[in-house]
Amino acid sequence: MNQTERFYKIDQMISDGKLVTFQQLLEVLGISRATLRRDLEYMRNRLNAPIVFDRFAGGYCFDSARPQIGGQYELPGLWFSSAEIHALLTMQHLLANLDPGGILTPHIQPLMARLNALLGTAENTAEEIRRRVLVIGVGQRQLMLDHFERVGSALLRRKQLHITYLSKSKAELTDREVSPQRLVHYRENWYLDAWCHMRNELRNFAVDSIRRVEVLEKPAREVSQRSINAALGPGYGIFAGVRVQTASLAFTPLRARWVASELWHPKQKGRFDADGRYILELPYADHRELIMDILKYGADVEVLGPESLRQLVREEHARAASRYS
């Protein structure tokens, strides 16, 4: 951590613990004794921090009774890392989209206040940061809150669910019993990973496609995290599948500049060829979501393999061309 981050950490530790030893500061900050002494002196002399060493207690504390000499104690402006600002604003985005009249409202308000306080420790106020940094949700589908609450309740109580589910691809309703395993928030929408007792395998269900849900007084079947990840985690995107193939995509030199820095899958491999194209290889088990992302790039991407994926993309292009001809 840099010097400014250390100042904030020292301030937090002394404020929270009231009394902090030199050794505790060293262990948390991970710096040398000389660096810590310089930081403490800087905070005292340059930032007017009322830090004193209590010889009897053997630690540092703030001397609130000491008269303030010079300027007020104020820490330098802090800015968040990319991951931190994204996490804080995403949490606010998710909380703000919950039903304002729901049962969680009294619990959300303190969380929002804490998030505001965290954002307010930066150089600007929380309101200014939200005005200047936006988290935009794209493709969010409307969620039936009562269904979501029942699904969440069954998930935590480890009970089975009886659901009426609409398959959007087939436009058909099916009734089935499932054992919920985990909820996943992916691309602005919620999905339920569950053991489907009708299919006798792990499946994922879009929560917004659940038309009716009933919590059953039957214990849910337990599936290990390892098995869930093996069945639902290896391929591209949210769709399940255990027969994993490797897609090889070639992006034009123009698009390569962007795609080379994108993360499509944790196990992807990428390289530039002699012509400046970017060759991206990634595992997938279900072609549906992968094809949608391939088609976004139009003529700037070529599917090198496997042949089955090339054929599916050709068919999609032909279908689109026939509609506009």
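The values are calculated or read from the model by the stated rules, or taken from the named source; none is laboratory data. None of the values given here were measured: they were computed from a predicted structure. Cβ sites come from the backbone with ideal geometry, for glycine too, and all protein chains shown count toward neighbours.
A few remarks follow.
- When the range 288-305 is filtered for residues that are surrounded by 13 or more Cβ atoms within 10 Å (Cβ to Cβ) and either farther than 24 Å from Pro253 by Cβ or free of Cβ contacts under 8 Å to residues at least 12 places away in the same chain (or both), the ones remaining, listed by number, are Arg288, Glu289.
- Within the range 170-189, considering residues that are in contact with a helix residue (DSSP H, G or I) (Cβ under 8 Å, 6 or more places away or on another chain) and either modelled with pLDDT under 85 or surrounded by fewer than 15 Cβ atoms within 10 Å (Cβ to Cβ) (or both), the one farthest from Glu222 (Cα to Cα): Asn189
- Filtered residues of the range 182-229 (kept if touching a Ser or Thr at 6+ places or on another chain (Cβ under 9 Å), closer than 19 Å to Glu289 by Cα and of a type in the set (A, V, I, L, M)): Leu202
- Filter result for Leu312 (in contact with a Ser or Thr (Cβ under 9 Å, 6 or more places away or on another chain) and without any contact (Cβ under 8 Å) to a residue 40 or more places away in the chain): no
- Where Arg44 falls short, out of the listed (1) surrounded by 11 or more Cβ atoms within 10 Å (Cβ to Cβ); (2) over 30 Å from His185 (Cβ atoms); (3) touching a Leu at 6+ places or on another chain (Cβ under 8 Å); (4) modelled with pLDDT under 90: (3)
- Filter result for Leu254 (more than 24 Å from the chain's Cα centre (by Cα), exposed (fewer than 13 other Cβ atoms within 10 Å of the Cβ) and in contact (Cβ under 8 Å) with a residue 12 or more places away in the chain): yes
- A single entry from Arg314, Arg277, Arg323, Arg288 fulfils the requirement of being farther than 11 Å from Ala247 by Cβ and in contact with a helix residue (DSSP H, G or I) (Cβ under 9 Å, 6 or more places away or on another chain): Arg277.
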